[in-house]
Amino acid sequence: MSRFEMGDGHKLHISDSFYRVISILIFAMVLVLFFIAVDETGRGTVKKQQESLENALSRDIVQCYAIEGRYPPSLEYMEDHYGLIYDKSVFFVDYQPIGSNLYPDVTVILIEGN
């Protein structure tokens, strides 16, 4: 008696529809895992972009102070004079100058839906 035969001599038979259902379920699970992985990768990329923007802002602020002896008066000033570029549809930058000799308050916020 082989391992596919039952004790009474009947062979174990699995229908083709069972294999189809199992194949579809496995395919669906792989597809869901793929989309989850792609989504997580996208979130990681946006987080790195935010960190890069924060570093660029800090670098431009310090560079302005080193060159001009004062902190930038506005965000537009850094865009015009120090080449700051960022995607305004993805990030909101709140730039609050405190004084020409005090480091400004800078906050980078991810806009919802991105």
Most fluctuating of ILE24, ILE14, ILE85 in the GNM of the chain (C-alpha, under 10 Å) is ILE14
If one builds a Gaussian network model of the chain from Cα atoms under 10 Å apart, the most fluctuating residue listed among LEU25, LEU57, LEU84 is LEU25
Stretched fully, the stretch from ASP39 through ARG70 gains (0.36 nm per residue minus C-alpha distance, one decimal, in nm) 6.9 nm
Along the dipole axis of the chain (charges at Cβ: +1 for Lys and Arg, -1 for Asp and Glu; origin at the Cα centre), the most positive-end residue among PRO72, PHE34, VAL21 is VAL21
Matching label for the computed P(r) over Cα pairs in 10 Å bins from 0, in percent, out of (i) 14, 52, 32, 2; (ii) 14, 44, 29, 11, 1; (iii) 11, 26, 16, 11, 9, 8, 8, 6, 4, 1, is (iii)
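Restrict the search to region 57-112; then list the GluC sites (Glu not before Pro) that DSSP places in a loop and that have at most 10 other Cβ atoms within 10 Å of their Cβ.
Within region 57-112, the qualifying GluC sites (Glu not before Pro) (loop, at most 10 other Cβ atoms within 10 Å) are GLU112.
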Helix 16-68: inclination vs the chain longest Cα principal axis, degrees, rounded to 10, gives 10 degrees
With +1 on the Cβ of every Lys and Arg and -1 on the Cβ of every Asp and Glu, the dipole magnitude of region 16-110 about its Cα centre, in debye rounded to the nearest 20, is 320 debye
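Since every read-out is calculated from the coordinates, none of them should be taken as a lab result. These figures come from a predicted structure and were not determined experimentally. Cβ coordinates were reconstructed from backbone atoms using ideal geometry, including for glycine residues, and neighbour counts include every protein chain displayed.
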